[in-house]
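Visitor: Got a structure for you, written out below as structure tokens; questions coming shortly.
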């Protein structure tokens, strides 16, 4: 296994390290072989660009992974906060949180935010919250989508029933999704963004 070194928190193979950090010696070599100072500088700069490119290939995947881990952490935290806010002071329990791919149900959607979160709830207060608290549920949706940008749609429903409300991002705003006028028809296919199937 090739030797590994640490550079700014990332692992860099020693071979690339030598290419990246041996440039001063190369420049000295160019000058000793009687190349003009201008040519030596140009060659050194070209090698430096190549070394930088190799370094970026190593660093950016690690950065992307760190970013993904940060988003996951924020999503989990925001989901837990939303559950607590729903349950606090109400006869209501969030018994399930499911993740769906909105591409399975909608033909057009925010490509950078391809997920839907579905909160399944039980308790005496569920129907009242879904029917009478759109502003509260919109506030929960806004906070969660802000912290978890891969989510564009949230559905709050009575567990194992067809009674629910969906709230999603349309442009820079949130909107309660409307019942599609052809809900329930066979062969309806995927819905336009902003609509939901109602029964």
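The values are calculated or read from the model by the stated rules, or taken from the named source; none is laboratory data. What you see is a predicted model; the values in this text were computed from it and never measured. Backbone-built Cβ (ideal geometry, glycine too); neighbour counts: all protein chains shown.
Visitor: Please pick out the residue among 120, 168, 157 that is touching a residue at least 24 places away in the same chain (Cβ under 8 Å), out of contact with any helix residue (DSSP H, G or I) (no Cβ under 9 Å at 6 or more places or on another chain), closer than 28 Å to residue 72 by Cβ and surrounded by 16 or more Cβ atoms within 10 Å (Cβ to Cβ).
Guide: Of 120, 168, 157, the one residue that is touching a residue at least 24 places away in the same chain (Cβ under 8 Å), out of contact with any helix residue (DSSP H, G or I) (no Cβ under 9 Å at 6 or more places or on another chain), closer than 28 Å to residue 72 by Cβ and surrounded by 16 or more Cβ atoms within 10 Å (Cβ to Cβ) is 120.
Visitor: Being modelled with pLDDT under 95, assigned by TED's automatic domain parsing to the domain that holds residue 174, surrounded by 17 or more Cβ atoms within 10 Å (Cβ to Cβ) and over 17 Å from residue 164 (Cα atoms) is the requirement here; does residue 113 meet it?
Guide: yes
Visitor: Separate question: Scan region 101-117 and tell me whether some residue there is more than 23 Å from the chain's Cα centre (by Cα) and touching a residue at least 24 places away in the same chain (Cβ under 8 Å).
Guide: No; the residues of region 101-117 include none that is more than 23 Å from the chain's Cα centre (by Cα) and touching a residue at least 24 places away in the same chain (Cβ under 8 Å).
Visitor: May I pose another question? Does at least one position in region 86-108 carry a residue that is part of a helix (DSSP H, G or I), within 14 Å of residue 154 (Cα to Cα) and at pLDDT 95 or above?
Guide: yes
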